[in-house]
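**Student:** One structure, pasted below without further comment.
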Amino acid sequence: MTEPLGNFWTAVVNGEKKQLRIAQTTRLVDVLRTQLSLTGTKVSCEVGRCGACMVLMDGEPVNSCLVMAYQCVGSEITTIEGLHGEKEGELHPIQQAFVEEGGFQCGYCTPGMVISTKALLDRYPQPSQEQIETGLCGNLCRCTGYGGILRAVKKVIDEQDRMGST
Amino acid sequence: MLLNRESSGKRWHLRPDGVGKVTGKLQYLTDMTLPDMVHGRVLRSSYPYARILSIDITGAEAMEGVLAVLTSKDVPGLNLFGIATPDQPVFCEHVVRYVGDAIAAVAADSPERAAIALDAIRVEYEEWTPLDSPEAALAPGAPELHEHGPGNVLHRTEIKRGNVDEGFATCQHIVSETYYTPRQMHAYMETEGGLFVPDENGRLHVYAATQHGYKDRMQLARIIGCSEEDIRVVSSPIGGSFGGKDELNVQPYGALLALRSGRPVKMHNSRKESVRAGLKRHPMKIEMQTGISREGMIQAHRVRITADTGAYATLGAPVLNFCTEHCLGPYSIPHVDVEGVSVYTNNGVSGEFRGFGGNQAIFAMEGQMDRLAEIMDMDPWEFRRRNMRGKTDPGPLNQRILVTDGLSQVWEAMDRSELWQKHQHPPANPASPPWIKRGVGAAIAMHGAGLGYGIPDPAGGRLSLNAEGKIEVAFSYEEFGQGLIATLEMMLCDLFYCSTSDLSIVIGDTDRVPHSGSSTASRSTTMAWMALQRLQTPFRSKMLSVASALSGIPSDELVTGPGGIWLRGKSTESKAEKIAMSPVITEVVGERTSGSSESFNDTSDTVDNAALISGLVVSYVDLAKQGKSEEWIFDTQFEYPTTPDNVVGGHYLYTYAAVAAEVEVNTLTGEAKLLDTRHVVAAGPVINPMGFIGQIEGGSVMALGFTLTEDALMQDSRYMTTNLDTYLIPTIRDIHTNLEVEAIENLPEGDPFGPRGIGEIGSVALAPAITAAIHQATGVWVNRLPVPRDQLIKPLDVSLQKGVSST
């Protein structure tokens, strides 16, 4: 390999400050997958349609194939690897619900789907059906028919509801 | 039984690969890297059809960072691949036949350099006019795309019974229709790719997705000119396949580049390249003429199938066989005249795809049934019942098939369903404006499983107690999302009443698994179950006899259980109480659903054994230390069950399905929206309810795309839809949020074949149900998929229609 070109790129990835020397025109998805070995972020359509590469950038869901490194300098990036339950090593309630409801099959869309669900529920803790569909329609899944995914999302909402009401 | 989490009870089994998938920690083969790896890329053809005049790679070879540049001259063995008919060049030498054809490949130290090196390869072509349709390819004087001719016909099929002309002469009504189906794309989320690693011993390790690792290994050995043992193929986990990764795709290039450069080579197709080079579902034109008597009995059925198989054979012939078999539906028809032809063109390569030609056939045949019922002014479901094959009638090819009640069971279950009952009184939403119309439609299907008569369909498996004291099962099947690992886990727990932590499940690695055939044709679950049926008795006997020798307890007082071999308890307690004794058993066994096959459910004495557990005698870990390790290995080999009759491609085992759909059509925009769906599936006992639901729901939504939006459009043999922004698969917004799955679990008493696979059955019958519903809503008979919106748009009023008329 030749030496990477470009200036220092800095961002907080999954809570850790990262500094890399890369071309600023590198896509965020490549920074994550190639430079940082965070392969939980998947790559599929590379035109921002499928959502497999979805990450949170300062809390907002973005297709990391459409974000250039220079656009997220100084940002806080959360990938699927940065999601966990109350303690590190535990599943986040969204992840737990996906496992329990069978909200995945091949699993390749799942990290992006979980990230989009996180963004959806951060914004609307009790989303309507319409808000769920809007929040997740940027993530394609070819395996599940979305049934298990919807049941997983609803399970998280119900759990939150239950916790909130007790 | 309506299948859902609640009705599944304790059989709702969490997938062992779930945590890795939801955390992103599971490494797919395209996620793998090695520190010294290089990047491979393939140069593909600039034209769909052309003669190659020259290829100049000198510029690319001279570039810094380029480790290898390969063309056809660099293929040591056979410069061809293809699962059944190897006619696709690894690298084209003289002629290119489609836009995905490979001409050269490079390996470079960065993806960017690999791309630049590709650009530096100079190819001169003489461009020819592509044969962009079967009609063009069959026209007199059309150039022959392959030397093996005659003409551009890959394969022909034929079923002739009775005398179809005489049959039609007796008919009261005849319906003639021509059906067209799209070039559907698998659109697996993980595109093709992997890592190719040569080791210091001269072996090549291939980490790339396939549905049949051994077949890949055989083909790669043939291309490289080495022995199969020189190659190890690791092929799971896979980010979706649906039939699309069964053929070699990047493997020949990765393998040859790795051997030439001596470095690990990473390949990963972009989506655009995946579209350009990858397989699609065969677009078909199906002409059907079906005649019925005054009483509404089908007398004669004439079918002409034309399939666009694209530039290379792959499984075009078996797909046409399957379509031919299934275009008679599950009906008794005395006079039959079917001819099919699969035609080479310069379009994208068509191959294996979930449903395997059944989808196209069933769409057409069920469309005929609805049209005929309407002519008879008869309920379409009743019309089907009258014409359905009897329980003991031969199969579509007049071959003997396994006798089951599946067909009438799915028919009756659908007949009773609330959704189908709505058909009697076409639903309307009073709150909707008048241009929103609703309808309900239904369709029925019998779908063959396994590869069929005359096609080698070997199966097998291995059961062992490994050195770590785990009950290890090994198959050459692959996990591409369907939940195979979870299903195997459940089968083993059912058999041995062990806990999941006692298990080691090995798949997807030719170095570690026996040859047990491919993961295709909805066969893996059945084959794994049959293998375990054969292996369980000798394996259990061995464990019990060794445990008996160690403990001095007679082996008939011992049983397998969680952690090891247990002492049988007293047999006076009721079975329910006994099962409740062990939480693991309760978790695994759960409550068996009513109606399950006796043979599956209760014949093995493990149920009683399990019920009698009272104390651990020896652990599996201690057992494994006894004797030589090979003494603990049990293998089996057998064939997928086929009809005894000499009918090539004819199936013996079928699954049955009925599907109903409620659809809303906006007659201003032509948009059809699926509102409600019910799938009734008769496939024997449900081993893994979560997997079963997932496969039916996923298949259903894939079929929704087939019906309403998906078509990889080509113009002049070039793709117009090159990515997921223009090729539209359903999103969460487009699906039918109400989707019910009803499983009929009965099998004949003593059935030796166990649970049937359901990988395809959810995808085959939705299209005709939707188009029937559209007809009820709008009066339009749709004969083309995806449903053309313009056909569903109604003019606002007659004066407007007149206003645009030239008269």
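The values are calculated or read from the model by the stated rules, or taken from the named source; none is laboratory data. Being a predicted model, the structure only gives us computed values, none of them experimental. Note: ideal-geometry Cβ built from the backbone for every residue, glycine included; neighbour counts use all protein chains shown. Note: accessible area is taken over every heavy atom of the protein model, side chains too, but ligands, DNA and RNA are not part of it. Shrake-Rupley method; radii C 1.70, N 1.55, O 1.52, S 1.80 Å.
**Student:** Can you give me the % of accessible surface on segment A:93-165 that is carbon or sulfur? Probe 1.4 Å, all protein chains present, nothing else counted. Could the numbers behind the result be given before it?
**Tutor:** Numbers: 1230 of 2390 Å².
Here it works out to 51 percent.
**Student:** Once you have a ≥ b ≥ c as the square roots of the Cα gyration tensor eigenvalues for chain B, tell me rounded if a/c is under 1.5, and otherwise prolate or oblate according to whether a/b is larger than b/c.
**Tutor:** oblate
**Student:** Which of rounded, prolate or oblate describes segment B:155-283 when judged by the alpha-carbon gyration tensor and an a/c cut-off of 1.5?
**Tutor:** prolate
**Student:** Let me ask you something else. Kindly compute the accessible surface that chains A and B hide from a 1.4 Å probe when together, both sides summed, and give it to the nearest 100 Å².
**Tutor:** Answer for the A-B pair: about 4200 Å² buried.
**Student:** Turning to a different aspect of this structure: At 1.4 Å probe size, with every protein chain present, just tell me what the per residue accessible area of segment A:8-82 comes to in Å². Write down the numbers at each step before the final one.
**Tutor:** Numbers: 3020 Å² over 75 residues.
Result: 40 Å² of accessible area for each residue.
**Student:** Could you name the aspartates and glutamates in cross-link range of A:Lys17, using Cα to Cα under 17 Å and dropping any fewer than eight places away on the same chain?
**Tutor:** Filter leaves A:Asp58, A:Glu76, A:Glu81.
**Student:** Taking the Cα of B:Ser545, stepping 7 Å toward and past its beta carbon, and measuring to each backbone N in segment B:487-503: which are under 12 Å?
**Tutor:** The answer is none, because no backbone nitrogen lies closer than 12 Å to the label point.
**Student:** Give the long-range amide H neighbours of B:Val617: residues separated by 5 or more places, or on another chain, with amide H under 5 Å away, using H modelled in the peptide plane at 1.01 Å from N.
**Tutor:** B:Ile565, B:Trp566, B:Leu567
**Student:** Which of the aspartates and glutamates could be linked to B:Lys245 by a straight reach, that is with a Cα gap under 13 Å, when you skip same-chain ones fewer than 8 residues away?
**Tutor:** By straight Cα distance, B:Lys245 reaches B:Glu190, B:Glu192, B:Asp216, B:Glu352, B:Glu478, B:Glu479.
**Student:** Follow-up. Amide H to amide H under 5 Å from B:Val95: which residues, 5+ apart in sequence or cross-chain, H placed 1.01 Å off N in plane?
**Tutor:** Distant-sequence amide H within range of B:Val95: B:Ile52.
**Student:** Rounded, prolate or oblate: which one fits segment B:262-329, using the alpha carbon gyration tensor with axes a ≥ b ≥ c (rounded when a/c is under 1.5, else prolate when a/b beats b/c, else oblate)?
**Tutor:** prolate
**Student:** Going by a 1.4 Å probe on protein heavy atoms, which residues of segment B:680-711 end up with at least 50 Å² less accessible surface in the whole assembly than in their chain alone?
**Tutor:** Correct list: B:Glu697.
**Student:** Report the Cα-based extents of segment A:8-82 along its three principal axes, largest first, to the nearest Å.
**Tutor:** Result, largest extent first: 29, 23, 20 Å.
**Student:** Taking 7 Å along the Cα-to-C-beta vector as the label spot, tell me the B:Arg304-B:Gln27 distance in nanometres, rounded to one decimal.
**Tutor:** Once both label points are built, they end up 5.6 nm from each other.
**Student:** Also, quick follow-up: How much net charge surrounds B:Phe168 when only other residues with a Cβ under 11 Å from its Cβ are counted (Lys, Arg +1; Asp, Glu -1)?
**Tutor:** Around B:Phe168, the charge tally is -2.
**Student:** Would you mind checking which residues have amide H under 5 Å from B:Met714's amide H? H placed 1.01 Å from N; only 5 or more apart, or other chain.
**Tutor:** Distant-sequence amide H within range of B:Met714: B:Met720.
**Student:** Given R₀ = 25 Å, what would the calculated FRET efficiency be for B:Ala169 paired with B:Asp377, taking r from the Cβ atoms and rounding to 0.05? Write down the numbers at each step before the final one.
**Tutor:** On the way: r = 23 Å, r/R0 = 0.93.
E between B:Ala169 and B:Asp377, to the nearest 0.05, is 0.60.
**Student:** Please give the direction-averaged projected area of the C-alpha convex hull for segment A:19-149, in square nanometres with one decimal.
**Tutor:** 8.1 nm²
**Student:** Would you list, by chain and number, the aspartates and glutamates whose Cα falls below 16 Å from the Cα of B:Lys437, excluding same-chain residues fewer than 8 positions away?
**Tutor:** Reachable aspartates and glutamates: B:Glu662, B:Glu664, B:Glu671, B:Asp676, B:Asp790.
**Student:** Further question on the same structure: Heavy atoms of the protein only, probe of 1.4 Å, neighbouring chains included. What is the accessible area of B:Leu328 in Å², nearest 10?
**Tutor:** 0 Å²
**Student:** While we're on this one: Using alpha carbons only, what's the Rg to Rh ratio of segment B:175-233 with Rh from Kirkwood?
**Tutor:** For segment B:175-233, the value is 1.29.
**Student:** Looking at this model, which pairs from A:Lys155/B:Lys280; A:Lys42/A:Lys154; B:Lys391/B:Lys422 are more than 26 angstrom apart at the alpha-carbon?
**Tutor:** Long pairs (Cα-Cα over 26 Å): A:Lys155/B:Lys280; B:Lys391/B:Lys422.
**Student:** I would also like to ask the following. For segment A:8-82, what % of the accessible area comes from carbon and sulfur atoms, probe 1.4 Å?
**Tutor:** 46 percent
**Student:** Can you give me the accessible area per residue for segment A:93-165, using a 1.4 Å probe, in Å²?
**Tutor:** Each residue of segment A:93-165 exposes 33 Å² on average to a 1.4 Å probe.
**Student:** Could you give the semi-axes, largest first, of the ellipsoid that matches segment A:93-165, computed as the square roots of 5 times the alpha carbon gyration tensor eigenvalues and rounded to whole Å?
**Tutor:** For segment A:93-165, the semi-axes come out at 19, 13, 10 Å.
**Student:** Tell me, what is the FRET efficiency for A:Thr34 and A:Asn7 to the nearest 0.05, using R0 = 22 angstrom and their Cβ-Cβ distance as r?
**Tutor:** Working from the Cβ atoms, E equals 0.80.
**Student:** If you don't mind, there's one more thing I want to ask. In whole percent, how big is the carbon plus sulfur part of the accessible area of segment B:413-485, probe 1.4 Å, protein atoms only?
**Tutor:** 56 percent
**Student:** I would also like to ask the following. Give the whole-number value, in cubic angstrom per residue, of the convex hull volume spanned by the C-alpha atoms of segment B:688-750. Each step should come with its number before you reach the end.
**Tutor:** Numbers: hull volume 9.1 nm³, N = 63.
It comes to 144 Å³ per residue, whole-number rounded.
**Student:** Which value, in Å³ per residue, describes the convex hull spanned by the Cα atoms of the protein assembly as shown?
**Tutor:** Dividing the Cα hull volume of the protein assembly as shown by its residues yields 193 Å³.
**Student:** Still on this structure, please answer the following. Work out the length of the dipole vector of segment B:215-332 about its Cα centre, built from +1 on the beta-carbon of each Lys and Arg and -1 on the beta-carbon of each Asp and Glu, and round it to the nearest 20 debye.
**Tutor:** Charge dipole, segment B:215-332, about its Cα centre: 460 debye, nearest 20.
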